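Working notes, beginning with the structure itself.
The values are calculated or read from the model by the stated rules, or taken from the named source; none is laboratory data. Values in this document were obtained by computation on a predicted structure and should not be read as measured data. Here the Cβ positions follow ideal geometry from the backbone for every residue, glycine too, while neighbour counts run over all protein chains shown.
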């Protein structure tokens with residue numbers, strides 16, 4: 001991290017922000033209840049995408065911190081995922097949506113019931129706009145997954161700027177996140 005701060009102070013862009021550079025390593029990690037796929041670059045910068053790991057609701061019991069945790073409930077042939085968080089990370093830029101609700105239906109079309117509330121955090125050397133919901137298909141079709149995409153703009157102190165997005169995809173009895 002020290003070399004990244006020094007590069008920032010000298011006006012040198014981090015590898016994560018350079019177009020065309022490939023990560024030198026890919027990892028998958030569970031951090032604070034989030035399942036992340038992380039791409040690490042040669043200079044130590046990284047990008048990541050994550051989705052909250054749902055807790056199983058206990059019938060009739062109050063869940064500690066349940067208002068902030070992704071909870072899965074279900075019945076015969078379906079599972080509801082409620083109050084979930086989706087994240088994308090690009091170096092010092094984090095884009096997320098919280099409160100996302102979706103349903104996986106075995107043998108039927110999966111759907112997103114609520115797109116959530118987007119937010120962003122831009123740290124050292126960056127600034128960014130608030131993400132907004134720019135595209136969605138709330139119900140899976142025979143040929144396409146349901147999805148919601150939150151998008152914003154970011155810039156660095158060394159003059160780089162880009163459009164970032166994070167997307168939840170629901171369909172074919174599963175769910176995933178993708179990022180720009």
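General observations
- Taking the criterion of being farther than 18 Å from residue 84 by Cα, in contact (Cβ under 8 Å) with a residue 24 or more places away in the chain and part of a strand (DSSP E or B), the residues of the stretch 152-180 that qualify are 152, 153, 154, 155, 156, 162, 164.
- The stretch 3-28: number of residues that are over 21 Å from the mean Cα position of the chain (by Cα), surrounded by fewer than 18 Cβ atoms within 10 Å (Cβ to Cβ), touching a residue at least 24 places away in the same chain (Cβ under 8 Å) and not in a helix (DSSP H, G or I): 2
- Of the residues in the stretch 103-111, at least one is at pLDDT 95 or above, more than 16 Å from residue 73 (Cα to Cα), over 16 Å from the mean Cα position of the chain (by Cα) and surrounded by fewer than 22 Cβ atoms within 10 Å (Cβ to Cβ).
- From the options 143, 130, 96, residue that is within 15 Å of the chain's Cα centre (by Cα), in a loop (DSSP other than H, G, I, E, B) and at negative phi: 130
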